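The values are calculated or read from the model by the stated rules, or taken from the named source; none is laboratory data. Keep in mind that this is a model prediction, so the values were computed, not measured. FYI the Cβ positions are ideal-geometry reconstructions off the backbone, even for glycines, and counts take in every protein chain you see. Only protein heavy atoms, including side chains, enter the accessible area calculation; ligands, DNA and RNA are left aside. Shrake-Rupley method; radii C 1.70, N 1.55, O 1.52, S 1.80 Å.
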Amino acid sequence: SITPPNNGSAAWEAPIAYDPNNQMRVYDFRDSVYVSEDFGSTWIYKGKPTSFTGTIRQAAIAENNSNIILISNNQYLDKSTNGGASFSSTKNNLPNYSIQDIAFDPKDDNTIIVTYATYQNNNSKVYMSTNGGLSWSNITYNLGDMPIHSVVIDYSDSSNIYVGAEIGVYTKPKNGTSWTLYNPNLPNTTIQELEIVYGSNTLKAATWGRGMWEYDLVDRNSYPSIIS
């Protein structure tokens, strides 16, 4: 069994993540950051946010340098470059509403995407930084006013981006300027979470009330699904 940290409060859906470069190291994001070097048996306090108080709602760890961590609460976004020991704000020109998801480009730790799931604020739902969060560009394009709940970036030549929207999944190449609906056999429902599974080259989609679905990644070889 795993014993969580017994300090601090946590969000109702608190982020937890393993280090992509050390899978025995696990991070627990509460009102502060805790780390376990033995996959959850014991925990060490690391640090806390700088620009906000309260619980951490979203978190992401860079794929190539585990010292780079992003955390958010509502509209605030903090970045650590020392494994969570200290943070500084990297919100800069992002809008002032709640961040719904954060994703690093698996090939470039300076490329980051954040999404927003509000019903208002037309054409302000997906933002990308290519300089580690120093500045942000709006890449909502033709998604319009639709809430965007989740985002992942494929480790492909075109670095395809996938977003889980209020209705369905949309995708575009990282350098593209238009999103395309990518809903093969998927019911018209809210996509709460997306994950890429490279062992089967599939995109997994967890929905609001309609179960979990999978389909091949764009322009990738398809392999038999891992069913057990």
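Of the residues making up region 9-36, just one is open to solvent by 50 Å² or more (accessible area, probe 1.4 Å), of a type in the set (D, E, K, R) and either more than 23 Å from residue 63 (Cβ to Cβ) or modelled with pLDDT of 95 or more (or both), namely 25. Scanning region 53-72 for residues that are open to solvent by 10 Å² or more (accessible area, probe 1.4 Å) and under 29 Å from residue 1 (Cβ atoms) gives 54, 55, 57, 58, 59, 60, 61, 66.
Here's the yes/no breakdown for (1) closer than 30 Å to residue 35 by Cβ; (2) open to solvent by 60 Å² or more (accessible area, probe 1.4 Å):
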site	(1), (2)
98	yes, no
104	yes, no
122	no, yes
125	no, no
134	yes, yes
152	yes, no
163	yes, no
168	no, no
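Taken over region 39-77, the criterion of being basic (Lys, Arg) and either free of Cβ contacts under 8 Å to residues at least 40 places away in the same chain or touching a Lys or Arg at 6+ places or on another chain (Cβ under 7 Å) (or both) is satisfied by 46, 48.
Suppose we keep only residues that are among the small types (Gly, Ala, Ser) and more than 17 Å from the chain's Cα centre (by Cα) within region 37-82. Which one would you say is farthest from residue 110 (Cα to Cα)? Within region 37-82, the match that is farthest from residue 110 (Cα to Cα) is 41.
In the set 155, 170, 141, only one residue is out of contact with any Cys (no Cβ under 8 Å at 6 or more places or on another chain) and farther than 27 Å from residue 76 by Cα; that residue is 155.
Residues that are under 16 Å from the mean Cα position of the chain (by Cα) and either more than 22 Å from residue 113 (Cβ to Cβ) or charged (D, E, K, R) (or both) do occur in region 87-98, at least one of them. Taken over region 26-38, residues that are in a loop (DSSP other than H, G, I, E, B) and touching a residue at least 24 places away in the same chain (Cβ under 8 Å) amount to 3. Of 66, 80, all but one fail to be under 22 Å from residue 91 (Cβ atoms) and not charged (D, E, K, R); the exception is 80.
Among the residues of region 39-52, those identified as assigned to a loop (DSSP other than H, G, I, E, B), surrounded by fewer than 18 Cβ atoms within 10 Å (Cβ to Cβ) and at pLDDT 95 or above are 50, 51.
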